[in-house]
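Below is one structure, written out as structure tokens, with a few remarks after it.
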Amino acid sequence: MVWAGIIQKLDFIQTTGIDAIWLSPIFKSPQVDNGYDISDYRDIDEMYGSLDDLKQLVEEAHKRGIKVILDYVPNHTSDQHKWFQASLNKESGYEDFYVWKDAVIVNGTRSAPNNWVSEFKGTAWEWSEQRQQYYLHKFSIAQPDLNYRNPDVVKEMKDVLRYWLDFGVDGFRMDVAYALFEDSRFQDEPLSGDPTAEPGDYTYLSHIYTENQNETLDMIYQFREFLDEYNANQSYPRVLMTEVYSDINTTMLYFGTADRSRLGAHFTFNFWTFITGLQKGFSGVDLLNSIWNWIDHMPEGYTSNWVLGNHDQNRVSTRFGPENIDALNMLVSILPGVQVTYNGEEIGQENGEVTCAEGYDPQAIKNCSTFNETSRDFERTPIQWDSTVNAGFNNGTKPWLPVSQKYLQTNLQNQNVTGPGVNSHYKVYKDLLSLRKAFKNESNHYFELSNAGDILGFQRFTEQFLQNYVFLYNVGDEPQTPENINVYNFTTNVLVRSTNSIYNVGDAFNTSQPLQAKEAVLFSVY
Ligand code: NOJ
């Protein structure tokens, strides 16, 4: 059972220095979209174990000081959910639980109410013979959109939050938080003008009526108010993290209003800095600009966060090359704010190998000719624990996706090494987390970012310079000397260095010695 599996790994998670784990959806589901199609919000899928097992996981995690965050999917349910079945039958109280619309009939031919498209391609409307109406599905046909204009839906979904909070979980990652409401006039969306998009592609239209509606933001603020009321009687706050892919100004609204009169998520995921913002280039300047872009847009008084990847993006080691993983892990760890890790990033795991026949991703398996470009299965293959069968993920039965063949080289056991001069991606990651614990004890951190050529420099320090850390990373392909980077160059002491570094921990850092391509070093300065 998965819970038992995770419970077995809790000691390791604790030793690594991880404070919280987020489980992607574990609720009852037909698994059309890897659990993002929920048929019962109050029970879990038996393939993961029982509710009692989950209780045990939460308790065991808490004993070790680890918080447990669940995935909350408010925008849509499974079409197998009893609410949808009742809505199909127009049962009293459920008629408007979902977004139903009449067909448009032109010359006797039926068509969808408007041109809206699903994020998984094609029309966002599905005809129901039974109801003789279309329902909206922003994702797969099996994921009908709930109707947030119905107060009963809002009440039910808040009750779901309360149920899990009472169960003992520590917070929620909120799925597609930007999509809860759609404009009530149901007008066609305009073309985006994206020359690479074809009709039916999600990017073909500009989503002015289906994303980031004012009512959606209000709903997020309501969810936060709900959580704050709950938190008022708790010894520590339960948290809300929103998933929002939007332009950067709009993304920031999910933190709350600028005057803080209404709060939103404790943090909205920063997909900008290392994902969206680096699609066009990956140089020292690109990184510098992308980091500043996020910081410059952050509203005052909110907490930042740094994300390298997730289950919807090619793994970061595949996007930028595994030789960059240590530097990137260093950045997300020392930049001010919450560090988010997608499992496998700590060992530099790359995308796995999956064929169309083996894949599950509903946005990809319909068309095998584009599977390699569109599937998210590659970043979802099991984590590589060790070099035994199935990389130690299980005892040999076929996992839901094949284990990557790279597991013999890249696995946690190989990297969980100690000793003088020994280094590994995992060791870098673990050392960073232990350094972060020291940051926590110091308030008022300041930082500076700079670059000289392809070397990115970052300095983090406290008011009296009691703690003063400098990070240097040669993003380029050739050795470069970091002497032009303006650091306080007194006694220096290497604390963490990338696996390709010529330094050892404790070495004095030498600003006139070239940094090798992709080498990254974090040192303290006195
Ligand atoms: C966002 C999730 O991260 C993704 O995996 C899923 O397919 C969609 N939401 C639909 O729920």
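Residues checked against (1) over 30 Å from Met47 (Cβ atoms); (2) among the charged types (D, E, K, R); (3) touching a strand residue (DSSP E or B) at 6+ places or on another chain (Cβ under 6 Å):
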site: Lys398; (1), (2), (3): no, yes, no
site: Val403; (1), (2), (3): no, no, no
site: Lys406; (1), (2), (3): no, yes, no
site: Thr410; (1), (2), (3): no, no, no
site: Asn414; (1), (2), (3): no, no, no
site: Val422; (1), (2), (3): yes, no, no
site: Leu433; (1), (2), (3): yes, no, no
site: Gly457; (1), (2), (3): yes, no, yes
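So if I check each of Tyr48, Tyr36, which one is hydroxyl-bearing (Ser, Thr, Tyr) and at pLDDT 95 or above? Before you say what the answer is, go through the steps one by one.
Values: Tyr48 fails: at pLDDT 95 or above.
Just a single option satisfies the conditions, and that option is Tyr36.
Please pick out the residue among Asn324, Asn351 that is modelled with pLDDT of 95 or more, within 16 Å of the ligand (Cβ to nearest atom) and in contact with a Ser or Thr (Cβ under 8 Å, 6 or more places away or on another chain). Before the answer, list the steps.
Details: Asn324 fails: within 16 Å of the ligand (Cβ to nearest atom).
Asn351 is the lone residue from the list that is modelled with pLDDT of 95 or more, within 16 Å of the ligand (Cβ to nearest atom) and in contact with a Ser or Thr (Cβ under 8 Å, 6 or more places away or on another chain).
Based on what the data block shows, is Asn107 touching a residue at least 24 places away in the same chain (Cβ under 8 Å), farther than 22 Å from Tyr72 by Cα and away from the ligand (no atom under 16 Å from the Cβ)?
Numbers: touching a residue at least 24 places away in the same chain (Cβ under 8 Å): no; farther than 22 Å from Tyr72 by Cα: yes; away from the ligand (no atom under 16 Å from the Cβ): yes.
So Asn107 does not fit the description; no.
Checked across the stretch 380-400, the condition of being within 16 Å of the ligand (Cβ to nearest atom), at pLDDT 95 or above and buried (at least 20 other Cβ atoms within 10 Å of the Cβ) holds for at least one residue.
Of all the residues in the stretch 156-177, those that are farther than 20 Å from Lys82 by Cα, in a helix (DSSP H, G or I) and either within 16 Å of the ligand (Cβ to nearest atom) or under 22 Å from the mean Cα position of the chain (by Cα) (or both) number 2.
Within the stretch 383-397, identify whether any single residue is assigned to a helix (DSSP H, G or I) and touching a helix residue (DSSP H, G or I) at 6+ places or on another chain (Cβ under 6 Å), and answer yes or no. Spell out the reasoning first.
Of all residues in the stretch 383-397, those assigned to a helix (DSSP H, G or I) come to 389-392.
Keeping just the survivors that are touching a helix residue (DSSP H, G or I) at 6+ places or on another chain (Cβ under 6 Å) gives 391.
Yes, that holds for at least one residue.
Of all residues being within 28 Å of His137 (Cβ to Cβ) and among the hydroxyl-bearing types (Ser, Thr, Tyr) in the stretch 329-378, which is nearest to the chain's Cα centre (by Cα)? Just the residue, please. Looking at the filtered set, the residue picked out is Tyr342. Annotation: Thr196 fulfils all but one of (1) β-branched (Val, Ile, Thr); (2) buried (at least 19 other Cβ atoms within 10 Å of the Cβ); (3) farther than 15 Å from Ser118 by Cα; the unmet one is (2).
For the stretch 450-475, the set of residues classified as surrounded by fewer than 17 Cβ atoms within 10 Å (Cβ to Cβ) and either among the charged types (D, E, K, R) or assigned to a loop (DSSP other than H, G, I, E, B) (or both) consists of Glu463, Gln464, Phe465, Leu466, listed by residue number. Restricting attention to the stretch 111-150, and to residues there that are hydroxyl-bearing (Ser, Thr, Tyr) and surrounded by 20 or more Cβ atoms within 10 Å (Cβ to Cβ), which single residue is nearest to the ligand (Cβ to nearest atom)? Filtering the stretch 111-150 for residues that are hydroxyl-bearing (Ser, Thr, Tyr) and surrounded by 20 or more Cβ atoms within 10 Å (Cβ to Cβ), the one nearest to the ligand (Cβ to nearest atom) comes out as Ser140. Can you find even one residue in the stretch 84-92 that is more than 30 Å from Leu432 (Cα to Cα), within 16 Å of the ligand (Cβ to nearest atom) and in contact with a strand residue (DSSP E or B) (Cβ under 8 Å, 6 or more places away or on another chain)? Checked against the condition, which is being more than 30 Å from Leu432 (Cα to Cα), within 16 Å of the ligand (Cβ to nearest atom) and in contact with a strand residue (DSSP E or B) (Cβ under 8 Å, 6 or more places away or on another chain), the stretch 84-92 yields at least one hit.
Of the candidates Trp292, Trp272, the single residue that is surrounded by fewer than 20 Cβ atoms within 10 Å (Cβ to Cβ), more than 16 Å from the ligand (Cβ to nearest atom) and either among the basic types (Lys, Arg) or in contact (Cβ under 8 Å) with a residue 12 or more places away in the chain (or both) is Trp292. A search for C-beta distances below 6 Å between a residue of the stretch 32-44 that is at positive phi and any residue that is within 14 Å of the ligand (Cβ to nearest atom), counting only pairs 6+ apart in sequence or on different chains, returns Gly35/Pro25; Gly35/Ser29.
Of all residues in the stretch 317-367, which are β-branched (Val, Ile, Thr) and within 20 Å of Thr499 (Cα to Cα)?
Within the stretch 317-367, the first condition is being β-branched (Val, Ile, Thr), and the residues that meet it are 318, 325, 332, 334, 338, 340-341, 347, 354-355, 365.
Scanning the stretch 317-367 gives Thr318, Ile325, Val332, Ile334, Thr341, Ile347.
Is it fair to say Leu23 is under 24 Å from the mean Cα position of the chain (by Cα), closer than 24 Å to Arg162 by Cα and touching a residue at least 24 places away in the same chain (Cβ under 8 Å)? When the stated conditions are applied, Leu23 passes them.
The values are calculated or read from the model by the stated rules, or taken from the named source; none is laboratory data. For clarity, every value in this text was computed on a predicted model and none was experimentally measured. Glycine also receives a Cβ, built like all others from the backbone with ideal geometry; neighbour counts cover every protein chain displayed.
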